[in-house]
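A.B. asks: Can you keep this structure in mind? I'll have questions shortly.
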Amino acid sequence: MDEVIDDCLEIFTQDGVLLKQAAANYMTFINTIGTLYVTECPSSNRQRFIEWRPNDVTIDSDIQDQEWAVVNTIQKRTRTLSGNFPPDYHNRIKSVKCSFNEIKSFRMANKSRQLSFHDGKSECICSFIFQHGNCELLVGILKSLLKTAPSRRDKHLFIVYDSNNLELQQLDRSFAELNLQSDAHTFWGMFKNIREHPYEATFEAFAKVTDYVNKSLEQPPDDDQRDDLNKSITEYENTTIHSQGDYEVIAKVPELPKRKDFPRLRPLTAEQWKGHMNLDGKIEDIESIKTLIFRGGVTPSLRQEVWKFLLDYYPWESTEAERQKLMTIKSDEYYNMKLQWKRMTKTQEDNFSDYRDRKSLIEKDVNRTDRNLDFYAGDNNSNLQMLNDILMTYIMYNFDLGYVQGMSDLLSPILLLLKNEVESFWCFIRSRNFDVDQAGMKEQLNNLHTLLSFVDPPIATYLDTHDSGNMFFCFRWLLVWFKRELSQEDVMRFWEVLWTGYPCENFHLLVCVAILETEKSTIIENNYGFTKF
Amino acid sequence: MSSSRKKVLLKVIILGESSVGKTSLMNQYVNRKFSNQYKATIGADFLTKEVTVDDRTVTMQIWDTAGQERFQSLGVAFYRGADCCVLVFDVTAPNTFKSLDSWRDEFLIQASPREPENFPFVLLGNKVDLEPRAISSKRAQQWCQSKNNIPYFETSAKEGLNVEQAFLAIAKNALAQQNSTFDLYNEFPDQIKLTNTQKPSSNGDSCAC
């Protein structure tokens, strides 16, 4: 059970994980803190393991990575255990390890902080408490590596299906129908494509990188693809790396050909917009409209209408009549929710601390949101009241999430443009950047790091060695989509481009990569680190 | 001796409920400015200031954090290596005082300093320019005493009242903390620089080209 993991690839790493339950021979480790790994061992038939190591024998490197779960993709991390451990190390029990084959189900508990693995005979193999969170991230990874389905009785319990199981075959069929398993092929195909047509393929490739991370391990590349990859790796190996100060300079990097110019188009005009609608007011060619918006934005006077489509309030395929009908329904729905908090009595409020806390935080934040803009300036401004009421109604719409700081920033430009409470609410709810535990943000920051390592390895390495590999300094950029960094007009232009969903999802991550690449020399020359951004 | 020592960077973290004035205090101290239009802090921000403490010039790096509790899960990276933690509450808002314990505990858990019981905290009761007052000085001082005598200052970021004094105390505590941490190890002498630091003579410096 205790093999050395030298040749194993780490798919997931998380520190601050407490071992809560395990077989009797691991007694000494119970309630101690360590690091949890998901590993894959090519030498043992690509077998995967969950492995937990107590802190005192964890290798003291990569401190940075351990703070956040890092999904390691392209490079295999070469960690050797020898040398770092006392001589008798290999004779002692050093980790709790269980093969994926043993796992028949796993269950999240304790407000998503605890994860237990079961062997199907109602025995718990092991159980862990995630002191730094990220349990859900691991569950996501497990779900992508194992064929699972949530239990009908318990939504936190995931059943693992094995290959001899009839249910699995059914599941397989449904996967095949969804065509998900082709992702690994797609990635390698794209990789080849990138070499041949770098710019055309890159956008598409980026959109798939994270999928690749999760799924590719199931599917080794074919020979051609492997050759391509090897070639590329050899190129890297041939580069001369020398050290300057505490970062490495890679002198020769395979270069992409010159970038093609894509001039911005003029903003979408009212004529173009109307021209794309048929007599019923239905948009005929949605893709071409979105492309126009992506390439040029929207004329300011037309935004009021177009944003309602971009923000999924109006369905793109709807007719004018359908939209009128929708407005009535949505208006009723909104005011119903609004009444729910408006009608709350003082006693109810006094007995409802969660609600009270949210209400007071909204009040505080509304009072300090974009007050420099005329629209929100001055005391007793009715627009501030609307801002407040929409956020309060959002609490009733999604009480589990409630109010998260940053929401008022995202709502402000929408309300400023639409000047209508109901419409602004329905447009606002599309913003999905907020989670109770910031899991979505962590994932975005992780993905940003993955992209950066792919696009510009030197800057990624530089950040890693300057305590910035967690990409925290981009947190505000991502949470409110550059709202605090750009002018009002630029924010609007940028957001409408983002909302087209072109050229791929998570385009904003590419924007971050582009900024970091542009500022690369400034960052490196000034020796900027986490504490200097 | 002091001048030849390695440049000292003190890392200070400001924590407390939303809207107690963390950003305002930091800006009043570093820039001597107040605005009532500060926006809610997202993630974290920091400013630096050079200060002289006991004849030593040190750089204070002050980290201003988001007040909403759920952003605390990001704390680990921000709190790491802190030399002093400043807790802030609003003297007119009782709930901001009540939550001090949880801010302190959370900091100790996430930053996990070497000696939690001796880690320096400083408490600031802000907005003393406002009425009505909900938390008396006495009550705040009692809390401080119960936590191993945390220094307490009553401030107004708006009027700049006591802000300078408070941050000087913060700097002193941070410096003392850093020195005590260094004393745990054998302090190495300064590195010997092999480069020629002598300025070239003006003749050699100028060149006709």
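A.B. asks: Condition first: assigned to a loop (DSSP other than H, G, I, E, B) and within 14 Å of chain A (Cβ to nearest Cβ). Can you find one or more residues in segment B:47-65 that meet it?
C.D. replies: From segment B:47-65, those assigned to a loop (DSSP other than H, G, I, E, B) are B:54-55; that's our starting set.
Cutting the leftovers down to within 14 Å of chain A (Cβ to nearest Cβ) gives us none.
Taking every residue of segment B:47-65 in turn, none turns out to be assigned to a loop (DSSP other than H, G, I, E, B) and within 14 Å of chain A (Cβ to nearest Cβ).
A.B. asks: A further question follows. Looking at B:Gln68, B:Gln28, which one is at pLDDT 95 or above, touching a helix residue (DSSP H, G or I) at 6+ places or on another chain (Cβ under 9 Å) and among the polar types (S, T, N, Q)? Give the steps one after another, and end with the answer.
C.D. replies: Working: B:Gln68 fails: at pLDDT 95 or above.
Unique residue meeting the criteria: B:Gln28.
A.B. asks: I'm trying to understand the selection: among the residues of segment A:461-477, which are more than 10 Å from chain B (Cβ to nearest Cβ), surrounded by fewer than 22 Cβ atoms within 10 Å (Cβ to Cβ) and part of a helix (DSSP H, G or I)?
C.D. replies: Matches in segment A:461-477: A:Thr461, A:Asp464, A:Thr465.
A.B. asks: Is it the case that segment A:478-498 has a residue that's among the β-branched types (Val, Ile, Thr) and in a loop (DSSP other than H, G, I, E, B)? Spell out the reasoning first.
C.D. replies: Here is the first cut: in segment A:478-498, the ones among the β-branched types (Val, Ile, Thr) are A:480, A:491, A:497.
From the residues that got through so far, the ones that are in a loop (DSSP other than H, G, I, E, B) too are A:480.
There is at least one residue in segment A:478-498 that is among the β-branched types (Val, Ile, Thr) and in a loop (DSSP other than H, G, I, E, B).
Table: residues versus (1) touching a residue at least 40 places away in the same chain (Cβ under 8 Å); (2) of a type in the set (A, V, I, L, M); (3) on the phi > 0 side of the Ramachandran plot.
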| residue | (1), (2), (3) |
| --- | --- |
| A:Met441 | no, yes, no |
| A:Gln444 | yes, no, no |
| A:Ile459 | yes, yes, no |
| A:Tyr462 | yes, no, no |
| A:His466 | yes, no, no |
| A:Leu479 | yes, yes, no |
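A.B. asks: I'd like to verify a number: residues in segment A:481-511 that are within 14 Å of chain B (Cβ to nearest Cβ), touching a residue at least 12 places away in the same chain (Cβ under 8 Å) and more than 20 Å from A:Leu268 (Cα to Cα), how many?
C.D. replies: The total comes to 4.
A.B. asks: Can you spot a residue in segment A:156-172 that is of a type in the set (D, E, K, R) and either at pLDDT 80 or above or loosely packed, with under 13 Cβ neighbours inside 10 Å (or both)? Walk me through it before giving the result.
C.D. replies: Going residue by residue through segment A:156-172, those that are of a type in the set (D, E, K, R) are A:162, A:167, A:172.
After this cut, where a residue has to be either at pLDDT 80 or above or loosely packed, with under 13 Cβ neighbours inside 10 Å (or both) as well, the list is A:167.
Yes.
A.B. asks: Would you check which residues across segment B:31-55 are modelled with pLDDT of 90 or more and over 19 Å from A:Arg484 (Cβ atoms) and list them?
C.D. replies: Selection gives B:Arg32, B:Phe34, B:Thr48, B:Lys49, B:Glu50, B:Val51, B:Thr52, B:Val53.
A.B. asks: Is at least one residue of segment B:80-89 out of contact with any Phe, Trp or Tyr (no Cβ under 6 Å at 6 or more places or on another chain), buried (at least 21 other Cβ atoms within 10 Å of the Cβ), within 13 Å of chain A (Cβ to nearest Cβ) and at pLDDT 90 or above?
C.D. replies: Within segment B:80-89 (the criterion being out of contact with any Phe, Trp or Tyr (no Cβ under 6 Å at 6 or more places or on another chain), buried (at least 21 other Cβ atoms within 10 Å of the Cβ), within 13 Å of chain A (Cβ to nearest Cβ) and at pLDDT 90 or above), the answer is yes, since at least one residue qualifies.
A.B. asks: Can you tell me which residues in segment B:31-46 are polar (S, T, N, Q), out of contact with any helix residue (DSSP H, G or I) (no Cβ under 7 Å at 6 or more places or on another chain) and within 9 Å of chain A (Cβ to nearest Cβ)?
C.D. replies: Let us first name the residues in segment B:31-46 that are polar (S, T, N, Q), namely B:31, B:35-37, B:41.
From what is left, the residues that are out of contact with any helix residue (DSSP H, G or I) (no Cβ under 7 Å at 6 or more places or on another chain) are B:31, B:35-37.
The answer is B:Asn36, B:Gln37.
A.B. asks: Assess whether A:Lys330 counts as being more than 14 Å from chain B (Cβ to nearest Cβ), in a helix (DSSP H, G or I), within 30 Å of A:His276 (Cα to Cα) and under 28 Å from the mean Cα position of the chain (by Cα). Talk me through it step by step, then tell me what you get.
C.D. replies: On the way: more than 14 Å from chain B (Cβ to nearest Cβ): yes; in a helix (DSSP H, G or I): yes; within 30 Å of A:His276 (Cα to Cα): yes; under 28 Å from the mean Cα position of the chain (by Cα): no.
In short, no.
A.B. asks: Quick check: is even one residue across segment A:407-418 assigned by TED's automatic domain parsing to the domain that holds A:Lys338, over 17 Å from A:Leu509 (Cα atoms) and in a loop (DSSP other than H, G, I, E, B)?
C.D. replies: Pass one, segment A:407-418, residues assigned by TED's automatic domain parsing to the domain that holds A:Lys338: A:407-418.
Subsequent filtering for residues that are over 17 Å from A:Leu509 (Cα atoms) retains A:407-418.
Restricting the remaining residues to those that are in a loop (DSSP other than H, G, I, E, B) gives none.
No, because not a single residue in segment A:407-418 is assigned by TED's automatic domain parsing to the domain that holds A:Lys338, over 17 Å from A:Leu509 (Cα atoms) and in a loop (DSSP other than H, G, I, E, B).
A.B. asks: Let me ask something additional. Determine which member of the set A:Asp437, A:Asp456 is surrounded by fewer than 22 Cβ atoms within 10 Å (Cβ to Cβ) and closer than 26 Å to A:Asn134 by Cα. Break it down stepwise before answering.
C.D. replies: Working: A:Asp456 fails: closer than 26 Å to A:Asn134 by Cα.
Exactly one of A:Asp437, A:Asp456 is surrounded by fewer than 22 Cβ atoms within 10 Å (Cβ to Cβ) and closer than 26 Å to A:Asn134 by Cα, namely A:Asp437.
A.B. asks: Can you spot a residue in segment B:68-78 that is outside any helix (DSSP H, G or I) and surrounded by 16 or more Cβ atoms within 10 Å (Cβ to Cβ)? Talk me through it step by step, then tell me what you get.
C.D. replies: Initial filter on segment B:68-78 (outside any helix (DSSP H, G or I)): B:68.
Of the ones still in play, those that are also surrounded by 16 or more Cβ atoms within 10 Å (Cβ to Cβ) are B:68.
Taking every residue of segment B:68-78 in turn, at least one turns out to be outside any helix (DSSP H, G or I) and surrounded by 16 or more Cβ atoms within 10 Å (Cβ to Cβ).
A.B. asks: Among the residues of segment A:411-437, write down those that are touching a residue at least 40 places away in the same chain (Cβ under 8 Å) and polar (S, T, N, Q).
C.D. replies: A:Ser412, A:Asn433 - these are the residues of segment A:411-437 that are touching a residue at least 40 places away in the same chain (Cβ under 8 Å) and polar (S, T, N, Q).
A.B. asks: Hey, any hits in segment B:119-129 for a residue that's within 28 Å of A:Glu136 (Cα to Cα) and either touching a residue at least 12 places away in the same chain (Cβ under 8 Å) or within 11 Å of chain A (Cβ to nearest Cβ) (or both)? Talk me through it step by step, then tell me what you get.
C.D. replies: Taking segment B:119-129 as the starting set, the residues that turn out to be within 28 Å of A:Glu136 (Cα to Cα) are none.
No - not one qualifying residue is present in segment B:119-129.
A.B. asks: Okay, moving on. With the requirement that a residue be more than 20 Å from A:Val491 (Cα to Cα) and in contact with a strand residue (DSSP E or B) (Cβ under 7 Å, 6 or more places away or on another chain), what does segment A:297-332 give you?
C.D. replies: Correct list: A:Trp316 only.
One line per residue, one yes/no per condition, for (1) in contact with a helix residue (DSSP H, G or I) (Cβ under 6 Å, 6 or more places away or on another chain); (2) outside the structural domain of A:Gly402 (by TED's automatic domain parsing); (3) small (Gly, Ala, Ser):
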{"site": "A:Phe425", "(1), (2), (3)": "yes, no, no"}
{"site": "A:Phe454", "(1), (2), (3)": "no, yes, no"}
{"site": "A:Leu478", "(1), (2), (3)": "yes, yes, no"}
{"site": "A:Ile515", "(1), (2), (3)": "no, yes, no"}
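The values are calculated or read from the model by the stated rules, or taken from the named source; none is laboratory data. Everything quoted here is computed from the prediction, not taken from an experiment. Positions of Cβ are generated from backbone atoms using ideal geometry, with glycine treated the same way; all protein chains shown enter the neighbour counts.
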